[in-house]
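A short write-up of the structure that comes next.
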Amino acid sequence: MVQSLFSREKMSKMMIVFLPILITQLGLFAISFFDTFMSGKFSPIDLAGVAIGTSLWMPIYNGCSGILLAVTPIVAQLFGQRAKPGCIRQAVMQAIYLALIMSALLIILGSLFLDSMLNFMNLEPEVKQIAFQYLIALSFGIVPLFVYTVLRCFIDALGKTSVSMFITIIALPVNVLANYAFIYGKFGLPAYGGIGAGIASSITYWIIMLIAILITAQVDPFSQYGLLRSLPKPSSKEWWNTMKIGLPIGMAIFFESSIFAAVTLFMSSYDTITIASHQAAMNFSSFLYMVPLSFSMALTILVGQEVGANQFKRAREFSLMGVLFAVGFSCISAIILVVFREQVSYLYTNDPEVALLTARFLIFAIFFQLSDALQAPIQGALRGYKDVNVTFFMTLLSYWIIGLPVGYALANYTSFGAFGYWIGLITGLAIGATGLSIRLIIVQRRIRALN
């Protein structure tokens, strides 16, 4: 069993898919980092405005793009079945139509409610103005971003994740250069401050969409599917098929990403040192999360392809391999955090008091990593099986019904203080990981019984 699980062929296939995804995710993480970092160098008010705008945008973007992630398991299973190119083309093109509809709805809703949402937050007028204009600038990139998301899912589902990596490697310097130009007013442009980060992001989204269109139209094997050569008739049936899988994925991602925004909101009642330490530790945890997240995305592709080919034993083996690799990495990162947490904390600050408290938060990040190492790849494997509804309910239960209330109670009614929110999140993560593990076993046993 061990020899079959860790055969050279399987490990090679896993790494070929996983490593480019990891580099892609780190590149996307770096783009977000540079937006915040470069805005902060312009002025604290611009940093606050971009931070507020990002905190509103990211949960919405993650939820909407999560719906479009349904393209990955759909295309991966069709590819595994050796379906005709026309079937895959139909699925992808209808998803592009869906992306355009979602973009239009999001822009309309933003124009109606954005100002009211920012007024509700009771921000300083300068911060509110920057957040508002940053999001307006960003809105010009929603259409290309969502279309690119569909094209990336199509590319990745064929197992060509190195192409997505190539596009992200191009996008990172483009974004940094555009930030430099529009934030600081270089190359004869006016200095827009934090608003310039939104302009730069929109420009970057248009560029990566155009690159993805060019690649899928001109480069094999993507050109064989004839995307965008003609426009098929819109199909509400195909939209519904995508939504049935994508909506639970999107809602699960929304609940997962918005819980951290909620915790940050609750943390605002603490002093500046506590908030800064919490944000630093959470940022480093998000950085480490790129590894289990990348295994999750790789498993959606690999499991989806094997299920489509009726290779259910190989699908189980890839699932187990991905979880074991993710857990192994988390154990290594836990050891690194135990030994070097003080050094890590000083990467974020020169203030000894902030660094000391950040190091204490990083202890809790260890348990974060171990739970993420289970739940993230298991989620990815379940998506490969197109089993998404239970993941949605488990995310809602573990984060919002258990994690946040437990965290709030511990933070406000015990001596744990701000650490209580982290304990609550860890509790929710652990329960979610346990529930998803049971669900994966049930799904695999059911398929084994039927075959």
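The values are calculated or read from the model by the stated rules, or taken from the named source; none is laboratory data. All values derive from a computational prediction rather than experimental measurement. FYI the Cβ positions are ideal-geometry reconstructions off the backbone, even for glycines, and counts take in every protein chain you see. For the accessible areas, the whole protein counts, side chains as well, though only heavy atoms, and no ligand, DNA or RNA atoms are used. Shrake-Rupley method; radii C 1.70, N 1.55, O 1.52, S 1.80 Å.
Tell me, what % of the accessible area of the chain is carbon and sulfur with a 1.4 angstrom probe?
About 69 percent, which is the carbon plus sulfur part of the accessible surface.
Where q = 0.06, 0.10, 0.13, 0.14 Å⁻¹, what log10 of I(q)/I(0) comes from the Debye formula for the chain, counting one point per Cα?
The Debye formula, applied to the Cα set alone, gives -0.25, -0.74, -1.28, -1.47.
Per residue of the stretch 151-157, what does 6.51 cos²θ - 1.76 cosθ + 1.60 with θ = phi - 60° give for ³J(HN,Hα)? Whole Hz please, x for Gly and Pro, Karplus curve as stated.
Karplus values, whole Hz, x for Gly and Pro: 5, 5, 4, 4, 4, 5, 4.
Between Leu19 and Leu347, take the C-beta separation as r, use R0 = 25 Å, and let me know the FRET efficiency to the nearest 0.05.
0.55
Could you give me the ³J(HN,Hα) list for the stretch 413-420, computed from phi with Karplus coefficients 6.51, -1.76, 1.60 and θ = phi - 60°, whole Hz, x at Gly and Pro?
Calculated HN-Hα couplings, in order: 10, 9, 7, 5, x, 4, 5, x Hz.
Report, in whole Å, the centroid distance computed from the Cα atoms of the stretch 27-71 and the stretch 375-432.
23
Using the Kirkwood radius over Cα pairs, work out the Stokes-Einstein diffusion coefficient for the stretch 120-267 at 4 °C and 1.567 mPa s, in µm²/s as a whole number.
72
List the relative contact order of the chain as a percent without decimals, with contacts defined as Cα pairs under 8 Å and 6+ residues apart.
Relative contact order comes out at 21 percent.
Bin width 10 Å, origin at 0, all Cα-Cα pairs of the stretch 285-359: what percent of pairs per bin?
The calculated distribution, bin by bin, is 18, 33, 22, 15, 9, 2.
Take the Cβ-Cβ distance between Asp115 and Ala191 as r, set R0 to 35 Å, and report the resulting FRET efficiency rounded to the nearest 0.05.
Computed FRET efficiency for Asp115 and Ala191: 0.90.
If the chain between Ile438 and Asn412 were fully stretched, how many nm would it gain, using 0.36 nm times the residue separation less the Cα-Cα distance?
6.1 nm
For the chain, what is the mean residue ellipticity at 222 nm derived from helices alone (per DSSP H run of n ≥ 4: -39500 (n - 2.57); sum divided by total residues; nearest 500 deg cm²/dmol)?
Mean residue ellipticity at 222 nm (helix-derived): -29000 deg cm²/dmol.
Sorted from largest down, give the three principal axis spans of the alpha carbons of the stretch 327-451, whole angstrom values.
Reported extents, whole Å, longest axis first: 60, 33, 17.
Full extension from Met11 to Arg445: what is 0.36 nm times the residue separation minus their Cα-Cα distance, to one decimal in nm?
Working: separation 434, 0.36 × 434 = 156.24 nm, distance 2.37 nm.
Result for the pair: 153.9 nm of gain on full extension.
Rolling a 1.4 Å sphere over the protein heavy atoms, what is the accessible area per residue of the stretch 154-287, to the nearest Å²? Don't jump to the answer; show the numbers that get you there.
Values: 6060 Å² over 134 residues.
Here the per-residue accessible area is 45 Å².
So what J values fall out for the stretch 163-175 if you push phi through Karplus, 6.51 cos²θ - 1.76 cosθ + 1.60 with θ = phi - 60°, rounded to Hz, Gly and Pro as x?
Values, residue by residue: 5, 4, 4, 4, 5, 5, 4, 6, 5, 4, x, 4, 5 Hz.
Over the stretch 1-108, average the accessible area per residue using a 1.4 Å probe and give it in Å², no decimals.
Roughly 45 Å² per residue, with all protein chains present.
Determine the per residue accessible area of the stretch 347-445 with all protein chains present and a 1.4 angstrom probe, expressed in square angstrom.
On a per-residue basis, the stretch 347-445 sits at 41 Å².
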